[in-house]
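Working notes for the structure below.
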Amino acid sequence: MLAMVLDSIGEPLRAAEVRTPAPEAGQVLIRVLTCGVCRTDLHVVDGELKDPKLPLIPGHQIVGEVVETGERVERFVAGDRVGIPWLGWTCGRCRYCERGRENLCDDARFTGYQIDGGYAEYAVADHRFCFPIPDVTDLQAAPLLCAGLIGYRSLVMAGDAERLGLYGFGAAAHIVTQVARHQGRQIFAFTRDGDVEAQRFAREMGAVWSGDSSNPPPEELDATIIFAPVGELVPSALRAVAKGGVVVCGGIHMSDIPSFPYELLWGERTLRSVANLTRRDGEEFLSLASEVPVRTEVVSFPLEKANEALSALREGRISGAAVIVVEEAKRSSSSS
């Protein structure tokens with residue numbers, strides 16, 4: 001099959017013909033239809049997330065069709081459309097797993113990091129960690145599997161905030177905005193200073209205000225979510241929330257947080273992070289996404305252009321989400 005392979009940290013992905021994987025017991029073999037391009041992929045490729053499996057096929061927002069099942073797979077059959085998320089396996093036995101906090105499992109394995117992912121024509125996955133896909137297109141569905149899931153978990157952590165600030169208006173934020181508006185909340189969007197295009201996009205998606213992240217919002221907020229991997233935003237976000245407010249760091253990686261005076265945290269403000277996702281998050285969010293309904297803004301790239309997709313995301317040239325599309329004609333001609 002054709003795959004885009006990371007051989008060394010910091011190097012471009014390499015287009016390669018590799019052996020199509022076979023499903024082991026408990027696994028499904030997926031013919032990849034689309035795969036979202038996530039900022040976490042950048043953190044892996046650029047070396048900000050340490051010790052990935054190498055060589056590695058990145059990608060963890062996979063939409064595909066089951067073509068083969070291994071032994072002991074009862075949830076899915078050939079022809080089912082499924083989604084493969086970031087969380088690919090947990091031990092099921094540790095204190096976190098037993099208490100419904102499998103996202104914190106010390107032995108967890110992640111798709112596109114320790115497990116080969118979806119920048120390829122085929123992928124295998126543990127059937128227990130796959131999701132049935134709601135009634136949206138393959139292109140629309142891909143960003144729901146990480147940007148949507150992490151955005152949803154971050155939104156839950158923000159509590160019942162009526163006035164919600166979002167720092168960094170990309171794939172996750174544009175999905176969260178739709179869910180939050182559906183719930184009756186107001187969105188205040190913060191972007192890189194001077195990024196008028198992102199600010200326009202945020203207003204189009206329903207934000208009541210958008211502006212530079214270095215400026216305060218027009219009124220105190222009840223909570224903020226930081227999607228941009230910029231530690232310097234934490235003190236700004238704390239300044240933006242009222243007493244009793246919550247600041248949620250929604251990324252898997254962030255640059256160092258600078259020191260800040262205790263008075264920014266005082267007043268029973270809360271600063272917390274979000275780590276990974278649980279299967280329950282996936283079930284709840286995908287059901288809610290159908291109810292809203294969530295519609296993702298997508299820029300598509302063919303599989304062979306995965307490096308261009310990563311560069312566009314790195315440089316902030318994507319409004320909404322980037323998604324790799326595996327073309328049927330190319331798949332049939334190059335699969336092995």
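We did not get these values from a lab; they are worked out from the coordinates using the rules stated. Owing to the predicted nature of the structure, the values given are computational and were not obtained by experimental measurement. Every residue, glycine as well, gets a Cβ built from its backbone with ideal geometry; the counts of neighbours run over all protein chains shown.
Okay, residues lined up against (1) closer than 30 Å to PHE129 by Cα; (2) buried (at least 16 other Cβ atoms within 10 Å of the Cβ); (3) under 24 Å from the mean Cα position of the chain (by Cα):
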site	(1), (2), (3)
ILE187	no, yes, yes
GLU204	no, no, yes
ASP212	no, no, yes
ASN215	no, no, no
ILE226	yes, yes, yes
GLY250	yes, yes, yes
GLY267	no, no, no
ARG272	yes, no, yes
LEU277	yes, yes, yes
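How many residues does the stretch 82-97 contain that are in contact (Cβ under 8 Å) with a residue 24 or more places away in the chain, in contact with an Asp or Glu (Cβ under 9 Å, 6 or more places away or on another chain) and among the aromatic types (Phe, Trp, Tyr)?
1
Quick check on this structure: which one of GLY100, GLY79, GLY117 is surrounded by fewer than 19 Cβ atoms within 10 Å (Cβ to Cβ) and touching a residue at least 60 places away in the same chain (Cβ under 8 Å)?
Answer to the check: GLY100.
Here is a yes/no grid of residues against (1) touching a Lys or Arg at 6+ places or on another chain (Cβ under 8 Å); (2) assigned to a helix (DSSP H, G or I); (3) within 28 Å of VAL196 (Cβ to Cβ); (4) not small (Gly, Ala, Ser):
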{"residue": "GLY244", "(1), (2), (3), (4)": "yes, no, no, no"}
{"residue": "ILE252", "(1), (2), (3), (4)": "no, no, no, yes"}
{"residue": "PRO258", "(1), (2), (3), (4)": "no, no, yes, yes"}
{"residue": "ALA275", "(1), (2), (3), (4)": "no, no, no, no"}
{"residue": "SER290", "(1), (2), (3), (4)": "no, yes, no, no"}
{"residue": "ARG295", "(1), (2), (3), (4)": "no, no, yes, yes"}
{"residue": "LEU313", "(1), (2), (3), (4)": "yes, yes, yes, yes"}
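I'd like the residue in the stretch 110-128 that is out of contact with any Lys or Arg (no Cβ under 7 Å at 6 or more places or on another chain) and among the charged types (D, E, K, R) and, out of all such residues, is nearest to LEU6 (Cα to Cα).
Filtering the stretch 110-128 for residues that are out of contact with any Lys or Arg (no Cβ under 7 Å at 6 or more places or on another chain) and among the charged types (D, E, K, R), the one nearest to LEU6 (Cα to Cα) comes out as ASP116.
Find the residue count for the stretch 146-167, including only residues that are farther than 13 Å from ALA321 by Cβ and not in a helix (DSSP H, G or I).
Counting residues in the stretch 146-167 that are farther than 13 Å from ALA321 by Cβ and not in a helix (DSSP H, G or I) gives 10.
In the stretch 112-132, how many are of a type in the set (Val, Ile, Thr) and within 17 Å of the chain's Cα centre (by Cα)?
So the count comes out to 1.
Restricted to the stretch 50-68, and to residues that are not small (Gly, Ala, Ser) and not in a loop (DSSP other than H, G, I, E, B), which residue is surrounded by the fewest Cβ atoms within 10 Å (Cβ to Cβ)?
Checked the stretch 50-68; the qualifying residue surrounded by the fewest Cβ atoms within 10 Å (Cβ to Cβ) is VAL67.
So for the stretch 11-30 (the condition being without any contact (Cβ under 8 Å) to a residue 60 or more places away in the chain, closer than 29 Å to VAL274 by Cα and more than 21 Å from the chain's Cα centre (by Cα)), does at least one residue qualify?
yes
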